[in-house]
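The values are calculated or read from the model by the stated rules, or taken from the named source; none is laboratory data. This is a predicted model, so every value here is computed, not measured. Neighbour counts are summed over all protein chains in view; Cβ atoms, including those assigned to glycine, are modelled from backbone coordinates with ideal geometry. Areas reflect the complete protein model, heavy atoms only, side chains present, ligands, DNA and RNA absent. Shrake-Rupley method; radii C 1.70, N 1.55, O 1.52, S 1.80 Å.
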Amino acid sequence: MSRAHARPQRGKRVLVAGVAVAATLTAVTAAVAFAGGETATGAIACPQPVVPAVPAAAQAEVQRELANLDKQIAEANNRLRTSAGEGGPNFVQNAILGPLASKRVAALNRIETAIGRVADKPEGLERFATCGLGQAPAVSAPPTTTRPASTSGNAGTGSGTGTGTGTDTGTGSAAGQVIECPLPVVQNVPAAARAEVDRELANLGKQLLEANERLRTSAGQGGPNFVQNAILGPLASKRTAALDRIAISIGRVGARPQGLERFATCSLK
């Protein structure tokens, strides 16, 4: 075989190796693997979660979620490979990196919850959720947990931006409180996307009902941040993923709506 034919195959082997490395969540190695390549075609790299000492009773669940993080990044890299050339300039962020971050937030929250059932719950693991192309983003310092216990809990971040008209309210309550979410405004849904959009809108309603049921049955559990970390945070992640799927389904057959993720954050009323 001529040298001219051998060279492209070596390049192909390097790319495949880079994807495999990224799937291990070792961000530094992934960045090195693509240090001389094109950023647009680099593998997705995610920061390695730093999980504190895990009690024996939580080991199985924590290991399962860490394996789930590996699976998520492998799937995202496969999506990156198979969707090359699709969409506009924000396609990778909106269709791959955004949903991946949402899935990682949910998995990291489940790790926190699993540990918190049998020991002090770690805080701030969601700072390891955001991934990047070719290089993992910098991770912020862990939060300080000196917040006094308070029952006010309404951080004022839920009901407001954009054109949402009204809120969606679940039926469960604890201590007179209920989780409320902004109603997504989805306009001009093409007929070809209607079934999928309706399915995801129904999914949003189901997620809210489940969150309110969790709020009702977990009354008195955890510390002052329990509701935010164990219920509202994961709910926002699930809603972001569902809203992304709505935008993607419409974008396949028409103009993709932008900014639906502004309807993801819910609050305690």
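Miscellaneous remarks
- Checked against the criterion of being touching a Phe, Trp or Tyr at 6+ places or on another chain (Cβ under 8 Å), in contact (Cβ under 8 Å) with a residue 60 or more places away in the chain and either of a type in the set (S, T, N, Q) or within 26 Å of Glu123 (Cβ to Cβ) (or both), the stretch 55-62 has no qualifying residue.
- Single condition Leu69 does not satisfy, out of (1) among the aliphatic types (A, V, I, L, M); (2) open to solvent by 20 Å² or more (accessible area, probe 1.4 Å); (3) free of Cβ contacts under 8 Å to residues at least 60 places away in the same chain: (2)
- Residue count for the stretch 72-86, restricted to those that are assigned to a helix (DSSP H, G or I) and either open to solvent by 70 Å² or more (accessible area, probe 1.4 Å) or of a type in the set (Phe, Trp, Tyr) (or both): 5
- Output for the stretch 219-244, where each listed residue is among the polar types (S, T, N, Q) and open to solvent by 60 Å² or more (accessible area, probe 1.4 Å): Gln221, Gln228
- Arg216 free of Cβ contacts under 8 Å to residues at least 40 places away in the same chain and surrounded by fewer than 19 Cβ atoms within 10 Å (Cβ to Cβ): no
- Only residues that are without any contact (Cβ under 8 Å) to a residue 24 or more places away in the chain and of a type in the set (Phe, Trp, Tyr) were counted across the stretch 75-130, and they come to 1.
- Hits in the stretch 43-101 - residues which are of a type in the set (S, T, N, Q), more than 28 Å from Gly254 (Cβ to Cβ) and more than 16 Å from the chain's Cα centre (by Cα): Gln59, Gln63
- When Thr157 is tested against (1) in contact with a Lys or Arg (Cβ under 9 Å, 6 or more places away or on another chain); (2) modelled with pLDDT under 85; (3) within 12 Å of Cys266 (Cα to Cα), just one condition goes unmet, and that condition is (1).
- Enumeration of residues in the stretch 246-269 that are of a type in the set (D, E, K, R) and either buried (at least 18 other Cβ atoms within 10 Å of the Cβ) or assigned to a loop (DSSP other than H, G, I, E, B) (or both): Arg252, Arg256, Glu261, Lys269
- In the stretch 181-202, the residues that are surrounded by 16 or more Cβ atoms within 10 Å (Cβ to Cβ), under 24 Å from Gly233 (Cα atoms) and either over 20 Å from the mean Cα position of the chain (by Cα) or not aliphatic (A, V, I, L, M) (or both): Cys181, Pro182, Pro184, Val186, Glu200
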